[in-house]
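Peer 1: One structure coming up, written as structure tokens, with questions to follow.
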Amino acid sequence: MTTDVNRRVLPGFSLSLGYTLLYMSLLVAIPLGAGFLKASHLSFSEFWAAVASERALAAYRLTVGASLASAVINVVVGVLVAWVLVRYQFPLKGLLDSLVDLPFALPTAVAGLVYSDLFVEQGWYGRFLVPLGIQGAYSRLGIVLVLVFIGFPFVVRTLQPVLEGLDKDVEEAAACLGANRLQTALRVIFPSILPAVITGFALAFARSLGEYGSVVFVSGNMPFRTEIAPVLIVARLEEFAYTEATAIAVVLLTISFLTLFAINLLERWSKRHHG
Amino acid sequence: MAEPRAVTHLRAHDDPPAVKAALILAAVAVMAFFVVVPLVNVFVQAFAGGVGVYWRNLVADADTLHSIKLTLIVAPIAVGSNLVFGIAAAWAIARFHFPGRTLLTALIDLPFTVSPVVVGLFLLLLFGLQGTFGPWLRAHDLKIVFALPGLVLATAFVTFPVVARELIPLMEAIGAEEEVAAVSLGARGWQMFRLITLPNIKWGLLYGVILCNARAMGEFGAVYVVSGHIAGKTDTMPLRVEKLFQEYNLPGAFALASVLAMLALVTLFAKTALEWKTRRDLAEAERLRSNTSTPPARS
């Protein structure tokens, strides 16, 4: 293997690996370790009191619920946009394709600011929606909408390469065997893009779980109603209740890690079945 | 090599024109609703009072001006250190096999799953007054949290994978042949890096830096927690946007937000341009390799 040759021939293996490990330990491992250490100092009853208070439970429910809802919307919207970008030609397609990445590049505070302003009564969307009774600002709906924006690129970008690699002959074969276009879409195309769709869903979900910057602008942050877990952590910090903040942070981190773990399992599974 | 004449009837993998038009319209509508209209709204709101008011909103407010300066200090330090890390990590991971390589690659993605607020909190637990190093820092009159070093640490944590993640797949795609050749011809390590590696990865590296910078300048959650929101002291641009929003100074908030939005647009433009260049360079390398890869008669 060339890789075994590399270590004998190419310089800098120990330097680069050593620096990588040092940097990651100093910057990442020590703060994470300190957090878990702090949490482990809590007695179980303290931990439980912080983690399972009514207000905290409402915050987890809202965080997970809003993240799930936005990820589901992102799947529907993402499949549509990816399909159109890969399969069809139309004017300004390149521009649209580039704009898919905007949520990755736009600071979350800007997204939050704009979304809160669009949906208030005089806003560009609010002036049509508020008379219909749809409150997109300072509401749970507002949280879901801004999370759709934040997670928008994930499904599109995981799906695009898969759709591009899809063999069109299979679709022709299905048509020759008498399937109509809808049957082909449901029975032939959908199963082959499903792993990518699930990966995109999980990535968008994981990203939404920890989101703070945009939500804090649009949600109004009312305890029990529109307060997500990260906002609750900040609220506890501002009361100098460090232990409670840490306990809630550990719960949030655990949910995130489990999601990341699930994504990894999923990718391995789909590689085995489709690789 | 005569191409078959264009087939005029509907191919089986083509959708009927009506379906096609409907789907394109739906996709454009979705993109307009979630992405384009909000983006346009930032600039319309920012310039609602005219260019003069816009400019005054940016430069006449001392705290806003200070937030811009602070961001211009914090982001380059964080990006610079992540750049060095990114090159080192990509060299180790894309060029060598070692035990734990897969795990290391997965760990690099970690900051993407940790909520920024949690990052800020953990930095507080380490360096805050009641934190692990709090008493020691205080005894030596050092400040990390609620000061510049804390802002840099939080920003660097949240953005540290960006450069590495751009470089690893790129360096794997380029392959090690040229570097091995350079070393066997007697190049020293830095010579090889400067003359072979750097020119090969430059466009991907540049994009990694630009994206990392956009993320660093826009970082909110982690910085929010460690900054202590001292106006004119520890407020970066996104934090200042939030404060102006809380003070109902929407024109000021949108003016500053428009600067950040411009940064995002430049980032997207750079991505499109640099991806195109990288693809062209890779295709070129592939062509050269296939021309010279006739195996030698003896080794």
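Just so it is clear, none of the values below were taken in a lab; they were calculated from the coordinates. These figures come from a predicted structure and were not determined experimentally. We place every Cβ from the backbone using ideal geometry, glycine too, and count neighbours over all the protein chains shown.
Peer 1: Which of the aspartates and glutamates could a cross-linker bridge to A:K168, judged by Cα under 19 Å and excluding same-chain residues fewer than eight apart?
Peer 2: B:E3, B:D14, B:D15
Peer 1: For chain B, what relative contact order do you get, as a whole percent, if you take Cα pairs closer than 8 Å and at least 6 residues apart? Intermediate values should be presented prior to the final figure.
Peer 2: Numbers: 295 pairs, mean separation 82.5, N = 299.
Relative contact order here is 28 percent.
Peer 1: Then there is this: Name the residue, out of B:F96, B:F112, B:F157, whose mean-square fluctuation peaks in a Gaussian network model built on chain B with Cα pairs under 10 Å.
Peer 2: Highest fluctuation of the listed residues: B:F96.
Peer 1: While we're on this one: Measure up B:K69/B:K202; B:K143/B:K233; A:K93/B:K271; B:K233/B:K271; B:K69/B:K243; A:K93/A:K271 against 23 Å on the Cα-Cα distance and list the ones that go over. Show your work: numbers first, answer last.
Peer 2: Details: B:K69/B:K202 28 Å; B:K143/B:K233 13 Å; A:K93/B:K271 16 Å; B:K233/B:K271 33 Å; B:K69/B:K243 17 Å; A:K93/A:K271 31 Å.
Pairs exceeding 23 Å: B:K69/B:K202; B:K233/B:K271; A:K93/A:K271.
Peer 1: Can I ask one more? Applying the Karplus parametrisation 6.51 cos²θ - 1.76 cosθ + 1.60 with θ = phi - 60° to the phi angles of region B:63-68, what ³J(HN,Hα) value in whole Hz is obtained for each residue in order, glycine and proline being reported as x?
Peer 2: Result, ordered by residue: 5, 5, 4, 5, 5, 5 Hz.
Peer 1: Let me make sure I get this right: for region A:42-274, a, b and c are the square roots of the gyration tensor eigenvalues over alpha carbons, sorted descending. Under 1.5 in a/c it's rounded, otherwise prolate if a/b > b/c, else oblate. Which is it? Display every interim value, and only then the final one.
Peer 2: Numbers: a/c = 2.65, a/b = 1.57, b/c = 1.69.
Oblate, since a/c reaches 1.5 and b/c is not below a/b.
Peer 1: Rounded, prolate or oblate: pick one for chain B, where a ≥ b ≥ c are the square roots of the eigenvalues of its C-alpha gyration tensor, a/c under 1.5 means rounded, and failing that, prolate if a/b is larger than b/c, else oblate.
Peer 2: Values: a/c = 2.36, a/b = 1.25, b/c = 1.89.
Oblate is the answer for chain B, as a/c is 1.5 or above yet b/c matches or exceeds a/b.
Peer 1: Could you tell me which of rounded, prolate or oblate describes region A:197-239, using a ≥ b ≥ c as the square roots of the eigenvalues of the alpha-carbon gyration tensor, with rounded for a/c under 1.5 and, failing that, prolate when a/b is larger than b/c and oblate otherwise?
Peer 2: Because a/c hits 1.5 or more and a/b exceeds b/c, region A:197-239 counts as prolate.
Peer 1: Across region A:69-86, in residue order, what do the Karplus-derived ³J(HN,Hα) couplings come to in whole Hz, using 6.51 cos²θ - 1.76 cosθ + 1.60 with θ = phi - 60° and x for Gly and Pro?
Peer 2: Computed from phi, the couplings for region A:69-86 are 4, 5, 5, 5, 4, 5, 5, 4, 5, x, 4, 4, 5, 4, 4, 5, 5, 7 Hz.
Peer 1: Would you kindly work out the equivalent ellipsoid of the protein assembly as shown from its C-alpha gyration tensor and give its semi-axes, the square roots of five times the eigenvalues, largest first in whole Å? Show your work: numbers first, answer last.
Peer 2: Numbers: eigenvalues 299, 226, 118 Å².
Values for the protein assembly as shown, descending: 39, 34, 24 Å.
Peer 1: Given H placed on each backbone N at 1.01 Å, which residues far from B:A176 in sequence or on other chains put an amide H within less than 5 Å of it?
Peer 2: For B:A176, no residues qualify.
Peer 1: For chain B, what does the helix formula give at 222 nm: sum of -39500 (n - 2.57) over DSSP H segments with n ≥ 4, over the residue count, nearest 500 deg cm²/dmol?
Peer 2: Numbers: 16 runs with 218 residues, N = 299.
Helix-only estimate at 222 nm: -23500 deg cm²/dmol.
Peer 1: Using θ = phi - 60° and the Karplus curve 6.51 cos²θ - 1.76 cosθ + 1.60, what whole-Hz ³J(HN,Hα) does each residue of region A:127-141 get, with Gly and Pro shown as x?
Peer 2: Per residue, the Karplus-derived 3J(HN,Hα) values read 5, 9, 8, 4, x, 7, x, 9, 9, x, 10, 6, 8, 5, 4 Hz.
Peer 1: While we're looking at this one, here's another question. Roughly how many debye, to the nearest 20, is the charge dipole of chain A about its Cα centre, given +1 on each Lys and Arg Cβ, -1 on each Asp and Glu Cβ, and no other charges?
Peer 2: Numbers: 19 positive and 18 negative charges, 86 e Å.
About 420 debye.
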